[in-house]
Amino acid sequence: MMVTLVEVLSLLLVSVLWGCTNPFLKRGTEGIEQVSKSNKIYQFLAEVKFLFLNVKYLIPFLLNQSGSLVYYYTLSTTDLSFAVPVANSLTFLWTLLTGKLLGEDFGGKQAVAGLLLTMVGITLCVISSMADTGSQAQP
């Protein structure tokens, strides 16, 4: 299957929307452990209310979900064996970078090594998919 620049950019957008919102979602849930109700149903409803009335959670959540919409649209035109690893691996990259910018600990040298290996793998995946496109176009 042919991988186009639009598909690659769509997957990059998905990874940015997913990855950059993860640390903000984590921060938006701070304080939910103080929500306490008498039974499980009331507890669940109180937690949902806490999250959806919390702008620090709601905005990243909506951005994250918009990434899911782009992802499902992109899956309709892109080979799964390409789309899934690219989107998920790059999400890790954006989560790590955004978390670091927010002052979170990211795991040190091992995380950087993993990040570099992930980037090499994604680069090879993209190059391979685009190279396959060129060879399939010839009769």
Tell me the label-point distance for the pair GLU104, ASN88, using the 7 Å Cα-to-Cβ offset, in nm and rounded to one decimal.
-> 1.9
Between helix 40-52 and the chain: long-axis angle, C-alpha atoms, 0 to 90°, nearest 10 = 60
Using the 10 angstrom Cβ neighbour count as an exposure proxy, how do VAL14, VAL35, VAL55, VAL86 rank, fewest first?
-> VAL55, VAL35, VAL86, VAL14
At q = 0.22, 0.31 Å⁻¹, what log₁₀ I(q)/I(0) does a Debye calculation on the Cα points of the range 50-91 give, no solvent, two decimals?
-> -0.73, -1.02
Against the longest alpha carbon principal axis of the chain, how many degrees, from 0 to 90 and to the nearest 10, is the axis of helix 80-101 turned?
-> 50
Could you work out how far helix 5-28 tilts from the main Cα principal axis of the chain, as a 0 to 90 degree angle to the nearest 10?
-> 20
Under the classification rounded if a/c is under 1.5, otherwise prolate if a/b is larger than b/c and oblate if not, where does the range 75-120 fall, given a ≥ b ≥ c as square roots of the Cα gyration tensor eigenvalues?
-> oblate
Rounded, prolate or oblate: which fits the range 1-79, taking a ≥ b ≥ c as square roots of the Cα gyration tensor eigenvalues, rounded meaning a/c under 1.5, else prolate when a/b beats b/c?
-> prolate
In cubic angstrom, how much convex hull volume per residue do the alpha carbon atoms of the chain span?
-> 128
By the Cα gyration tensor axes a ≥ b ≥ c (a/c under 1.5 gives rounded; else a/b larger than b/c gives prolate, otherwise oblate), the shape of the range 35-74 is oblate
Over the chain, the sum of -39500 (n - 2.57) across DSSP H runs of at least four, divided by residue number and rounded to 500 deg cm²/dmol, gives at 222 nm -27500 deg cm²/dmol
Please give the FRET efficiency for SER128 paired with LEU58, using the beta carbon to beta carbon distance and R0 = 35 Å, rounded to the nearest 0.05.
-> 0.35
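Read-outs throughout are calculated quantities, based only on the coordinates presented, and are distinct from any laboratory measurement. Quick caveat: nothing in here was measured; it's all calculated off a predicted structure. So basically every Cβ, Gly included, is an ideal-geometry build from the backbone, and we count neighbours across all protein chains shown.
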